[in-house]
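First up is the structure itself, then whatever we jot down about it.
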Amino acid sequence: MRILVTNDDGIESEGIHVLAGVLHDAGYEVVVVAPDRDWSGAGAALGRLHPDDSIEVTAVNIPGAADIEAWSVAGPPGLTVLATQLGAFGPPADLVVSGINAGLNTGRSILHSGTVGAALTGQNFGVSGLAVSVAWGDAWYWDTAARCALEVMESHLIDAPPRTVLNLNVPARPYNELGGVRWARLAAFGAVRAAMADASDGRLQIELTATGLTPEPDTDQGTVNEGYAALTTLVGVVEAWSTEVELPEGSPLLAEHVVPGITLEAVHKVPDASEHRSLRRPNLGIV
C-alpha cells in the first residue's frame with residue numbers, strides 16, 4: 001500500500017517526520033509531499049493555478065529516514081494531494097494521511113483546517129484519508145499521536161469503504177496514559193475560537209482565545225478533555241436530500257451509524273461516504 005503523508009505545518013515540522021517514520025517502519029510504502037512552509041488555516045485550498053505559472057518543487061530528506069521519498073511543494077496541502085494523485089511523484093497514493101498537526105483540530109472550525117482539507121481533497125480523488133492532530137501540552141507527544149494513527153489506520157481505515165475520511169485528535173500525554181480511542185461528534189467549538197482584536201488603521205488583528213465553554217462529553221473536544229483520543233467520520237462535498245420529498249425506491253431510510261462516545265468495536269462500521277444520504281436532524285437522545 002502506497003501512503004501519501006502530508007500536513008499543513010510544512011515539511012520542516014517534526015510531526016510529519018515522526019508520522020512518516022512510524023508508517024514506514026510498519027512496512028508501508030510512504031511518499032511525503034508537504035508544503036514548503038506553514039499553511040495552517042488553508043482548508044482544502046489549492047492556491048493560484050495558472051497555465052503560465054509553474055509551482056516550485058524540491059526533493060528533501062526526512063531527518064532520520066533518508067530512504068523515505070520526500071518533496072516540498074510551494075503551495076497548500078490540498079495542492080500536494082492533487083499533484084500526487086495526478087502522478088507528479090510517481091503512482092498515485094492508495095491512502096492519504098495528514099499530520100501530525102501541532103494543536104487539535106476539533107469542532108466545526110475544522111472546515112478551515114489544512115490538515116483536514118488535505119484528507120478531504122483525497123476523498124474527492126476517490127481515496128480514503130486520516131487527519132491526525134495532537135493537543136498542545138507540556139511537550140509535543142508526536143509518538144503518541146503517530147502510534148494512535150497507525151492503529152486507527154490499520155483497524156478502521158484500510159478496509160473501510162472507499163472515500164472514508166477519519167479525523168483523529170489525540171491528547172497531550174504518553175501513550176500508556178491514554179484512556180483509549182472513542183467515536184466522537186464535532187463540538188460546536190474547539191479549544192479556541194477566533195476573535196477580532198482590532199480593525200483599525202486599515203488592518204485586521206485576529207487572535208485565538210479560549211472558548212470558556214464546557215464541551216459535551218461525546219464531542220471530539222470533550223472526548224480529548226477526558227483523556228481519550230477522539231475519532232470522527234467526515235465527508236466533504238456531498239448532496240443533501242430532503243426527507244420531505246419522495247425518495248427513490250430502495251433508498252435506505254435506516255442505516256447503521258457510528259454512535260458518539262462509545263468504544264471502537266468491530267460491529268460499528270465506518271459509514272460509506274459515497275452512499276446517497278438524507279439530510280435530517282439527528283436525534284442525539286437515541287443510542
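Please work out the FRET efficiency for the pair residue 211 and residue 155, using the Cβ-Cβ distance as r and a Förster radius of 30 Å; give the result to the nearest 0.05. It would help to have the intermediate numbers written out before the result.
Values: r = 32 Å, r/R0 = 1.05.
Efficiency computed from Cβ-Cβ geometry: 0.40.
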Sum of side-chain charges, residue 115 neighbourhood, beta-carbon under 14 Å (Lys, Arg +1; Asp, Glu -1): -4
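If you add up the charges near residue 36, with Lys and Arg at +1 and Asp and Glu at -1, over every other residue whose beta carbon is less than 14 angstrom from its beta carbon, what do you get? Kindly include the intermediate steps, with their values, before the conclusion.
On the way: positive: 37; negative: 8, 9, 12, 38, 56.
Residues close to residue 36 contribute a combined charge of -4.
How high is the FRET efficiency from residue 38 to residue 263, r the C-beta distance, R0 41 Å, rounded to 0.05?
Efficiency, rounded to the nearest 0.05: 0.70.
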FRET efficiency estimate (nearest 0.05) - Cβ-Cβ, residue 139 to residue 177, R0 22 angstrom: 0.95
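Is the C-alpha gyration tensor of region 1-128 telling us rounded, prolate or oblate? Criteria: a/c under 1.5 is rounded; beyond that, a/b larger than b/c is prolate, otherwise oblate. Walk me through the intermediate numbers first.
Working: a/c = 1.35, a/b = 1.12, b/c = 1.21.
Rounded, because the longest to shortest axis ratio a/c is under 1.5.
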Dipole of region 10-91 [Lys/Arg +1, Asp/Glu -1 at C-beta], most positive-end residue of 44, 89, 54: 44
For region 36-53, 3J(HN,Hα) per residue [Karplus equation, 6.51 cos²θ - 1.76 cosθ + 1.60, θ = phi - 60°, Hz, x = Gly/Pro]: 7, 8, 6, 10, 4, x, 7, x, 9, 4, 9, x, 7, 10, 9, x, 8, 9
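Rounding to the nearest 20 debye, state how big the charge dipole of region 81-183 is about its Cα centre with +1 on each Lys and Arg Cβ and -1 on each Asp and Glu Cβ.
Dipole magnitude for region 81-183 comes out near 300 debye.
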Ranked list, fewest to most other Cβ atoms within 10 Å of each Cβ, for 189, 89: 189, 89
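Since every read-out is calculated from the coordinates, none of them should be taken as a lab result. Remember, predicted model here, so these are calculated numbers, not experimental data. Heads up, the Cβs are rebuilt from the backbone with ideal geometry, glycines too, and the neighbour counts pull from every protein chain shown.
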